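Asker: Sharing a structure below in structure tokens format, with a few things to ask.
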Amino acid sequence: MPGLTDWTPTRAAALERLAEFLPHAGADYARLRNIDRGPDDRSNVSALSPWIRRRILTEEEVIAAVLRRHGFARADKFIQEVCWRTYWKGWLELRPGVLADYHAAAARLSAEWADSAALAAARGGQTGIACFDAWAAELVRTGWLHNHARMWFASIWIFTLRLPWELGAAFMAQHLLDADPASNTLSWRWVAGLQTPGKHYLARAENIRLNTLGRFDPAGQLDEQALPVPMVAPNPPPGAIPPAQVPATDRVALLLTEEDLSPETLPVGATVVALAALTTPSADSPAGRFAAGALADGLDRAGAQFGLAGQLLAPEAVAAWALDAGVSEVVTACAPLGPSAPVLDEIERALALVSIRLVRVRRAWDTQCWPLATKGFFAFRQHIPKLVAGLV
Ligand SMILES: Cc1cc2nc3c(=O)[nH]c(=O)nc-3n(C[C@H](O)[C@H](O)[C@H](O)COP(=O)(O)OP(=O)(O)OC[C@H]3O[C@@H](n4cnc5c(N)ncnc54)[C@H](O)[C@@H]3O)c2cc1C
């Protein structure tokens, strides 16, 4: 398996990585996935997250490939991990206010902590805790961290360095290639003890020593007794997912966004007569640069599929493009909470002014899974065998 500096934002590269990892996705993954061997050896995990994040590979197809290769019993652990992503998405879609609260708190805290030397040391990897400093540097250099390192990093940030979790989540989101509002924000909340009230994740030196194969040993440097972050208010009850939309006409324009770059399997529901992709709203970040490449690749693939020349559009150019295409509906993949959703809301308003409807189609996977994320993951997990049964 190559090192992790070679993420290429194309479906071809994603499929290559998937094929390479597939033999290891069964019993090997269940046994070895928690070990962080360092940036030069990621053979025990898939490292597929930057592609899955943008649905260059969909959850369903990754799960199907692993099921075909290993069967459910041996692939169970890997499937569960993929389903964590789905679960976090659903949990947040059912409680959108949690993301808004996080953004507001992060903005307020970032002003309040602007002059903090402790915060600067954490971000700069200068805390004197060797493992933490190495992960901070790795995150900034490569745009990626192993899952266990993300857990330890978040835990040390919150419970040993005593920094606000919101600023840690924002720091990670700023640098991760796979930066995802649901997985990132809710994982930080989970570590803090806010996701499952009263249950927090404490990084322990011995666990770090064992699972980094002795690369690090922060014995005596960590607060291993800290209490969870107090909850200001209980988590909101789950709301409802809006019904999925379908086009009412048989000729539509298709607008891709970085939230879903598998046009091959998108349930468009009509003939596509014009094709465009929306420029990324977060261009000035590693995730944004990855997304820009991925959008170009998605547009190429969709162009080949529909026999059309696609174009990259800024949000304000979408209404004129749709008018020019002579359609009364623009279809796009339903964008979960994150950078594209508010941009699509603006586009919907601009299209309405010229009597064109924005139709947000949703994958069956999301429609089935998201409403099940009402409680904790362990309740959601019970549904997994049924959810994946039809995938192969
Ligand atoms: C503090 C913290 C922040 C995180 N931030 C993000 C983020 O911004 N974006 C992101 O995609 N993931 C995030 N994760 C989840 C997880 O760490 C990564 O998805 C995983 O490390 C990616 O590595 P992989 O592709 O090798 O995963 P594998 O172990 O090979 O798993 C396969 C796929 O399953 C999904 N997955 C695996 N574990 C998780 C998990 N715990 N939660 C959600 N999905 C999972 C990912 O899509 C992953 O690519 C975060 C976890 C923590 C603890």
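Asker: Taking segment 124-150 as the search range and keeping residues that are assigned to a helix (DSSP H, G or I) and buried (at least 19 other Cβ atoms within 10 Å of the Cβ), which one is nearest to the ligand (Cβ to nearest atom)? Working first, answer last.
Answerer: So the first thing to find is which residues in segment 124-150 are assigned to a helix (DSSP H, G or I), and the list is 130-142, 147-150.
Checking which are buried (at least 19 other Cβ atoms within 10 Å of the Cβ) leaves us with 131-132, 135-136, 138-139, 149-150.
Numbers: Cys131: 15, Phe132: 13, Trp135: 11, Ala136: 13, Glu138: 13, Leu139: 10, Ala149: 8, Arg150: 4 Å.
Restricting to residues being assigned to a helix (DSSP H, G or I) and buried (at least 19 other Cβ atoms within 10 Å of the Cβ), the top hit is Arg150.
Asker: Now, a different point. If I go through segment 151-180 residue by residue, how many of them are more than 7 Å from the ligand (Cβ to nearest atom), more than 21 Å from Ala111 (Cβ to Cβ) and under 17 Å from the mean Cα position of the chain (by Cα)?
Answerer: Final tally of qualifying residues: 1.
Asker: Could you list, in sequence order, the residues of segment 54-105 that are farther than 21 Å from Pro23 by Cβ, part of a helix (DSSP H, G or I) and either away from the ligand (no atom under 14 Å from the Cβ) or at pLDDT below 95 (or both)?
Answerer: Passing the criteria: Glu93, Gly97, Val98, Ala100, Asp101, His103, Ala104, Ala105.
Asker: In addition: Which members of segment 216-255 meet the condition of being surrounded by fewer than 16 Cβ atoms within 10 Å (Cβ to Cβ) and not in a loop (DSSP other than H, G, I, E, B)?
Answerer: Across segment 216-255, the qualifying residue is only Arg251.
Asker: Restricting attention to segment 68-104, which residues are among the aliphatic types (A, V, I, L, M) and within 14 Å of Leu387 (Cβ to Cβ)?
Answerer: Of everything in segment 68-104, those that are among the aliphatic types (A, V, I, L, M) and within 14 Å of Leu387 (Cβ to Cβ) turn out to be Ala75, Ile79, Val82.
Asker: Now for a separate question. Starting from residues that are modelled with pLDDT under 95 and farther than 22 Å from Arg55 by Cβ, keep the ones in segment 1-37 and report whichever is surrounded by the most Cβ atoms within 10 Å (Cβ to Cβ).
Answerer: Residue satisfying both the conditions and the ranking: Met1.
Asker: Something else about it: Test each condition in (1) assigned to a helix (DSSP H, G or I); (2) under 21 Å from the mean Cα position of the chain (by Cα); (3) under 17 Å from Met172 (Cβ atoms) for Ala121 and report the one that comes out false.
Answerer: Condition not satisfied by Ala121: (2).
The values are calculated or read from the model by the stated rules, or taken from the named source; none is laboratory data. Note that the structure is a prediction, hence the values are computed from the model and not measured. Heads up, the Cβs are rebuilt from the backbone with ideal geometry, glycines too, and the neighbour counts pull from every protein chain shown.
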